[in-house]
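*Asks:* Have a look at this one.
Bear in mind these aren't lab numbers, they're just calculated from the coordinates by the rules spelled out. Just so it is clear, the structure is predicted and the values come from calculations on it, not from any experiment. Heads up, the Cβs are rebuilt from the backbone with ideal geometry, glycines too, and the neighbour counts pull from every protein chain shown.
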Amino acid sequence: MSASKTPAPLEVVIIAASRATVAELGTYLSNAGVVAGTAAALTGPAAIPASVDAVILFPDELEVAEVTAGIAALRRARPRLLLVVVTGAPQRLRPALDPDGRSFPPIVLPRPAFSWTILDAVREHARGASVTS
């Protein structure tokens with residue numbers, strides 16, 4: 001009899017200026033079995049571990065030029081990584097959010113977004129990625 005392999009838990013990085021946002025979402029995701037790391041800024045692809053399945057970004061309190069450059073760099077370096085962008089002003093981040101033909105298009109959710117909506121997006125992406133791998 002062969003032992004069934006338990007899938008690795010989903011892993012995300014939450015990037016937000018608000019400590020409350022990071023803490024609340026991090027707690028919710030952890031309670032759902034997701035490994036949730038945090039960062040205060042989108043500093044580039046090297047700062048995101050290879051094991052991470054998704055980056056959840058709250059860009060509204062961050063510098064627009066820094067965020068758009070970070071999104072573009074991350075999409076170039078990690079095309080299969082899911083980016084979930086929770087924002088009240090997605091037009092500020094164009095063209096970084098537009099389809100580029102190489103990477104998964106970011107999922108843009110209106111702010112405020114419920115934690116379970118974010119979790120569902122990450123889980124759905126992980127299911128699709130495992131089917132196509």
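*Asks:* Could you run the Karplus curve 6.51 cos²θ - 1.76 cosθ + 1.60 with θ = phi - 60° over the stretch 95-107 and give me ³J(HN,Hα) per residue in whole Hz, x for Gly and Pro?
*Replies:* For the stretch 95-107, the Karplus-derived couplings read x, 4, 8, 5, x, 10, x, 10, 10, 4, x, x, 8 Hz, x marking Gly and Pro.
*Asks:* Can you give the helix-only mean residue ellipticity at 222 nm for the chain, where every DSSP H stretch with n ≥ 4 adds -39500 (n - 2.57) and the sum goes over all residues, rounded to the nearest 500 deg cm²/dmol?
*Replies:* The helix contribution divided over the chain gives -11000 deg cm²/dmol.
*Asks:* Moving on. From the square roots a ≥ b ≥ c of the eigenvalues of the alpha-carbon gyration tensor of the stretch 11-132, which class results: rounded (a/c under 1.5), prolate (a/b over b/c), or oblate?
*Replies:* Because its axes are fairly even, with a/c under 1.5, the stretch 11-132 counts as rounded.
*Asks:* Starting from the 7 Å offset along Cα-to-Cβ, what nm value, one decimal, do you get for the label separation of residue 63 and residue 46?
*Replies:* Label-label distance for residue 63 and residue 46, simple model: 1.8 nm.
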